[in-house]
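The values are calculated or read from the model by the stated rules, or taken from the named source; none is laboratory data. Being a predicted model, the structure only gives us computed values, none of them experimental. Here the Cβ positions follow ideal geometry from the backbone for every residue, glycine too, while neighbour counts run over all protein chains shown. SASA here: full protein model, heavy atoms, side chains in, ligands and nucleic acids out. Shrake-Rupley method; radii C 1.70, N 1.55, O 1.52, S 1.80 Å.
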Amino acid sequence: MFNYADFETNPKKYELFRTARVKSQVFTENGEDDLAAGQFVAISHIRNAYNGVRRRTEPVYSITTGGGVWGVMFANNLSDFTL
């Protein structure tokens with residue numbers, strides 16, 4: 001699970017992660033590109049940005065699944081980060 005306190009202490013660590021697990025199902029408009037809860041995805045750090053919902057700055061990742069870029073996601077929607 002994304003640990004905000006750890007991110008504040010070690011922000012550069014979150015630029016190194018390459019895979020993560022989706023915390024909860026993500027529904028898309030077409031219904032074909034949904035991400036299942038627990039699905040592992042490849043991630044690439046884009047930047048840190050302000051998350052207006054959480055009212056804090058968090059890492060933003062490019063999400064790749066099935067060999068193609070799926071989209072972008074804030075770190076709080078991911079868990080089980082690995083290098």
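Results for (1) modelled with pLDDT of 95 or more; (2) over 20 Å from TYR4 (Cβ atoms); (3) assigned to a loop (DSSP other than H, G, I, E, B), shown as yes or no for each residue.
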| site | (1), (2), (3) |
| --- | --- |
| GLY31 | no, yes, yes |
| ALA49 | yes, no, no |
| GLU58 | yes, no, no |
| GLY71 | no, yes, no |
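In this structure, PHE2 does satisfy being within 23 Å of LEU83 (Cβ to Cβ), assigned to a loop (DSSP other than H, G, I, E, B) and open to solvent by less than 40 Å² (accessible area, probe 1.4 Å). Which residues, counting only those in segment 20-56, are among the β-branched types (Val, Ile, Thr), out of contact with any Lys or Arg (no Cβ under 8 Å at 6 or more places or on another chain) and open to solvent by less than 50 Å² (accessible area, probe 1.4 Å)? Once the filter is applied, which keeps residues that are among the β-branched types (Val, Ile, Thr), out of contact with any Lys or Arg (no Cβ under 8 Å at 6 or more places or on another chain) and open to solvent by less than 50 Å² (accessible area, probe 1.4 Å), segment 20-56 yields VAL22, VAL26, THR28.
Could you tell me which numbered condition VAL41 fails, if it satisfies all but one of (1) assigned to a strand (DSSP E or B); (2) over 11 Å from the mean Cα position of the chain (by Cα)? Every condition holds for VAL41 apart from (2).
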